[in-house]
Amino acid sequence: MTRQKGSNPPEKLTVLGATGSIGTNTLDVIRQLGGRDRFEILGLTGAGNVALLAEQARELGVKLAVTADDEKYAELKDALAGSGIAVASGKSGLQEAASLEADWVMAAIAGTPGLEPTLTAARRGANIALANKECLVTGGDVFISTMREGGGTLIPVDSEHSAIFQCLEPHNRDKVERIILTASGGPFRTWSREQMDGVTAEIARAHPNWSMGLKVSIGSASMFNKALEMIEAKYLFDLEPSQIEVIVHPQSIIHSMVAYTDGSVIAQLGCPDMRTAIAYALTYPGRGTLDVERLDFAKLARLDFEAPDEDRFPSIRLARLALQRGGVQGAVLNAAEETAFHAFVDGKIGFLHMADTVESVMERMNDGRPADTIDAILAADAQARAYAEDVIRQKQKAA
Ligand code: NDP
Ligand code: MG
């Protein structure tokens with residue numbers, strides 16, 4: 001982890017994935033912390049939601065607005081006609097946005113499409129506020145070494161990792177025994193496998209505590225989000241697999257903890273609101289003043305904890321396997337899970353089949369391949385998606 005820079009608040013910002021759940025929260029934080037009076041927002045990117053992107057771009061007076069969808073280019077161009085804002089689209093447009101001279105870049109594109117633009121921003125030395133966990137899950141070593149070469153600071157945005165980042169004492173880094181990632185347990189925390197069999201995406205997306213994008217919400221129900229976060233933690237904080245613990249904490253008040261060799265455990269707490277983690281990433285190493293709900297300990301009454309049940313939630317076991325095996329297994333887990341997630345949302349496979357699919361693909365690709373280049377990672381990603389599609393077709397036939 002690089003923590004050496006960032007003593008001054010950034011002035012020039014770019015938000016990749018501005019129209020999503022993290023993106024809109026980021027813009028809210030930017031507004032709360034001074035908006036255009038304090039920051040120059042250079043680039044915003046989105047994909048399908050061009051109307052919102054155009055509105056954001058006009059409001060913040062950005063230089064460049066990019067839709068990832070080439071077919072939406074004309075619509076975005078029309079929506080920004082007369083504004084003086086440059087417009088681009090597709091992968092090259094995303095690269096253009098990532099290449100602008102912003103000194104702080106929010107990486108909040110959902111999924112694997114976030115990898116290459118975030119790497120571009122990292123390579124030129126921008127400080128990266130990382131929401132897109134897939135960057136680390138698929139290509140952790142490559143991403144971290146690119147950050148090091150670029151010289152920017154990597155600041156986690158995922159609430160658990162922001163918590164750990166806040167609890168880590170840089171001078172006691174060698175005294176960290178383990179980190180404890182908290183998980184809400186999602187809407188099916190107390191359900192049996194039989195009850196989970198047959199649930200729809202509508203039911204699975206209803207998160208008890210956090211309001212998030214669809215992928216993260218379903219991933220919270222299956223605990224695949226936590227699986228990705230275990231791998232994310234390994235690369236962010238340079239940990240051994242045995243140092244990464246998960247504990248179910250249904251209230252989502254403790255966002256994660258660091259345990260030290262003297263028996264001390266430091267936790268970070270707050271109401272479940274991503275804007276706190278986003279603001280920390282923007283103001284690090286300082287803090288801003290944010291209008292979010294405050295914790296009221298008198299009302300809290302209790303905090304509960306339980307060990308995750310790896311039989312009902314095999315995702316945690318699969319993450320451990322991927323951590324132990326290393327190489328492209330993280331990329332494989334991520335790609336198979338993303339494919340299985342889409343199949344579940346489209347009603348092609350059941351909720352429990354997501355983990356089965358991921359496990360089959362991980363086994364099929366357990367050949368010790370290293371994840372040492374972007375090409376190796378993208379090749380493993382593509383192959384895992386194709387294998388996952390195979391598994392999904394077989395499951396559909398069998399159903
Ligand atoms: P959303 O689905 O809400 O938003 C995703 C963003 O990416 C949108 O701006 C979307 O554009 C854009 N996008 C979609 N497809 C593409 C593509 N192919 N190429 C480029 N851009 C694309 O996701 P979230 O905000 O929930 O999550 C973003 C990232 O942050 C994920 O990696 C997630 O794991 C992580 N994260 C999210 C948390 C949360 O609370 N939501 C918490 C912690 C981490 P459009 O909407 O215009 O189609
Ligand atoms: Mg999280």
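The values are calculated or read from the model by the stated rules, or taken from the named source; none is laboratory data. Bear in mind the structure is a predicted one, so any value in this text is a computation, not a measurement. Neighbour counts run over all protein chains shown; Cβ positions are idealised from the backbone, glycine included. Each accessible area value is taken on the protein alone, full model and side chains, heavy atoms only, with ligands, DNA and RNA left out. Shrake-Rupley method; radii C 1.70, N 1.55, O 1.52, S 1.80 Å.
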Might you work out the accessible area of Phe297 for me, using a 1.4 Å probe with all protein chains in place, and round it to the nearest 10 Å²? 130 Å²
Both in Å, the radius of gyration and Dmax of the C-alpha trace of the chain are 20.4, 62
Amide H to amide H under 5 Å from Trp210: which residues, 5+ apart in sequence or cross-chain, H placed 1.01 Å off N in plane? none
Using only protein heavy atoms and a 1.4 Å probe, report how much of Tyr73 is accessible, in Å² to the nearest 10. 80 Å²
Accessible area of the chain belonging to carbon and sulfur atoms, whole % at 1.4 Å probe: 48 percent
Considering only DSSP beta bridges with both partners in the chain, what is the antiparallel share in %, to the nearest 5? 30 percent
Under Karplus coefficients 6.51, -1.76 and 1.60, residue-wise ³J(HN,Hα) of the range 144-156 in Hz, glycine/proline x: 5, 6, 5, 4, 4, 5, x, x, x, 9, 9, 10, x
With the dipole of the range 311-360 defined by +1 on each Lys or Arg Cβ and -1 on each Asp or Glu Cβ, the option from Gln324, Phe341, Phe351 whose Cα lies farthest towards the positive pole is Gln324
Near Gly43, within a Cβ-to-Cβ distance under 11 Å, what is the net charge of the other residues, with Lys and Arg +1 and Asp and Glu -1? -1
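Sum -39500 (n - 2.57) across every DSSP H segment of at least 4 residues in the chain, then divide by the residue count to get the 222 nm mean residue ellipticity, nearest 500.
-14000 deg cm²/dmol
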So, R0 is 25 Å and r is the distance between the beta-carbons of Glu293 and Arg38; what FRET efficiency does that work out to, to 0.05? 0.60
Ranked highest first by the average count of other Cβ atoms within 10 Å around their residues, in what order do 118-124, 134-140 fall? 134-140, 118-124
Quick shape summary for the range 228-383, equivalent ellipsoid via Cα gyration tensor, semi-axes whole Å in descending order, reads 32, 20, 18
Based on the inverse mean of 1/r over its pairs of different Cα atoms, what is the Kirkwood hydrodynamic radius of the range 104-161, in Å? 10.8 Å
Over the alpha-carbon set of the range 1-144, work out the extent along each principal axis and list the three values in angstrom, largest first. 43, 33, 24
For the range 224-239, Karplus couplings with θ = phi - 60° (6.51, -1.76, 1.60), whole Hz, Gly/Pro x: 5, 4, 5, 4, 4, 5, 4, 5, 4, 5, 4, 7, 4, 10, 6, 10
Length added when fully stretched, Lys397-Ser211, from 0.36 nm per residue minus Cα-Cα: 63.4 nm
Under Karplus coefficients 6.51, -1.76 and 1.60, residue-wise ³J(HN,Hα) of the range 347-354 in Hz, glycine/proline x: x, 7, 10, x, 4, 6, 5, 4
Under 5 Å, built H, 5+ apart or other chain: amide partners of Ile349: Phe344
Return one whole number: the accessible area per residue of the chain in Å², for a 1.4 Å probe. 41 Å²
Per 5 angstrom bin, beginning at 0 and ending with the bin that holds the maximum distance, the Cα pairs of the range 310-399 fall in percents of 3, 16, 27, 24, 17, 9, 4, 0
Counting only the heavy atoms of the protein chains, how much of Met106 is accessible to a 1.4 Å probe, in Å² to the nearest 10? 0 Å²
Estimated inter-spin distance, Glu240 and Asp70, nm [label 7 Å along Cα→Cβ]: 4.9 nm
